[in-house]
Amino acid sequence: MTSVRIWGTGAGAVVVLVAAGVWARGSSAVDAGLWAEVRPAIEARLVTQSAGTGEGESEPALRSRWFCRAEALDLEASGGRVRAGINTLCEEYGERAGALVLCSGAEIPEVVRLERDPADGGYRVVSEEQAPEDDSAEWEEHHFSHYAASRLDRGMTSTALRAAARTHFGLPAGAPVRDCY
């Protein structure tokens, strides 16, 4: 009798673990094909919006440029429209004396809405929304799934942006990164 109880409890625990794993995997799925279609429009918009806001841009001797990337947290498509819950990272880099210079940057969660552009069939950003500075936690809770909001706490890495900046400025892969001032 005892072995039946042990096996029954063990089997029940396995069912719960498997169900939890399926739920977690399903809630984290982002359509990679759709993300590949909308990402270029989102990242181009980020670079355009960042231009003119950096500390390095005010220094004429430093040729600086913004580099941005977005990470999909939630994607929903309906017809020709897409709602993308994203985390964004934009950093302004320049080059000085063989070193990469980091001047400005920000990581900001956003909700971006896109629609198909009839002219070229790609997507274009039609609206975006960011958290208010005074209450970002509540905004994130209402605009992202529980799983997506938990991923915001991880932060984003600058590795890909630094690599792109080094390539842009013709610097070697191991060029040091220094502060702007």
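Cβ-Cβ below 8 Å, separation at least six or inter-chain, first residue in region 80-108 and farther than 22 Å from Gly174 by Cα, second open to solvent by 20 Å² or more (accessible area, probe 1.4 Å) and of a type in the set (Val, Ile, Thr): which pairs? So the pair list comes out as Asn87/Ile108; Thr88/Ile108.
Selection within region 105-133: residues that are assigned to a loop (DSSP other than H, G, I, E, B) and open to solvent by less than 90 Å² (accessible area, probe 1.4 Å). The member of this set that is modelled with the highest pLDDT is Gly122. One residue is enough: does region 87-106 have a residue meeting the conditions basic (Lys, Arg) and over 30 Å from Ala61 (Cα atoms)? No: zero hits. Whenever a residue of region 120-145 is within 15 Å of Gly85 (Cα to Cα), its partners that are of a type in the set (A, V, I, L, M) and open to solvent by 60 Å² or more (accessible area, probe 1.4 Å), lying with C-beta atoms within less than 9 angstrom and at least six residues away or across chains, give the pairs Ala131/Ala137. Among the residues making up region 43-62, those that are closer than 19 Å to Ala164 by Cα and either crowded, with 17+ Cβ neighbours inside 10 Å or in contact with a Ser or Thr (Cβ under 9 Å, 6 or more places away or on another chain) (or both) are Glu43, Arg45, Leu46, Ser50, Gly54, Gly56, Glu57, Leu62. Kindly evaluate Arg178 against the criterion of being surrounded by 13 or more Cβ atoms within 10 Å (Cβ to Cβ), in contact with a helix residue (DSSP H, G or I) (Cβ under 7 Å, 6 or more places away or on another chain), of a type outside the set (Ser, Thr, Tyr) and assigned to a strand (DSSP E or B). In short, no. Of the residues in region 69-85, not one is part of a helix (DSSP H, G or I), surrounded by fewer than 21 Cβ atoms within 10 Å (Cβ to Cβ) and not β-branched (Val, Ile, Thr).
Results for (1) at pLDDT 95 or above; (2) in a strand (DSSP E or B), shown as yes or no for each residue.
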site: Ile42; (1), (2): yes, no
site: Gly52; (1), (2): no, no
site: Pro60; (1), (2): no, no
site: Leu89; (1), (2): yes, yes
site: Val101; (1), (2): yes, yes
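Residues of region 144-164 that are over 16 Å from Ala106 (Cβ atoms), surrounded by 15 or more Cβ atoms within 10 Å (Cβ to Cβ) and out of contact with any Asp or Glu (no Cβ under 7 Å at 6 or more places or on another chain): Tyr147, Arg151, Ala164.
The values are calculated or read from the model by the stated rules, or taken from the named source; none is laboratory data. Nothing here was measured: the structure is a model prediction, and the numbers come from that model. In this analysis, Cβ positions are derived from the backbone assuming ideal geometry, glycine residues included, and neighbour counts consider all displayed protein chains. With ligands, DNA and RNA removed, areas are computed over all heavy atoms of the protein, side chains included. Shrake-Rupley method; radii C 1.70, N 1.55, O 1.52, S 1.80 Å.
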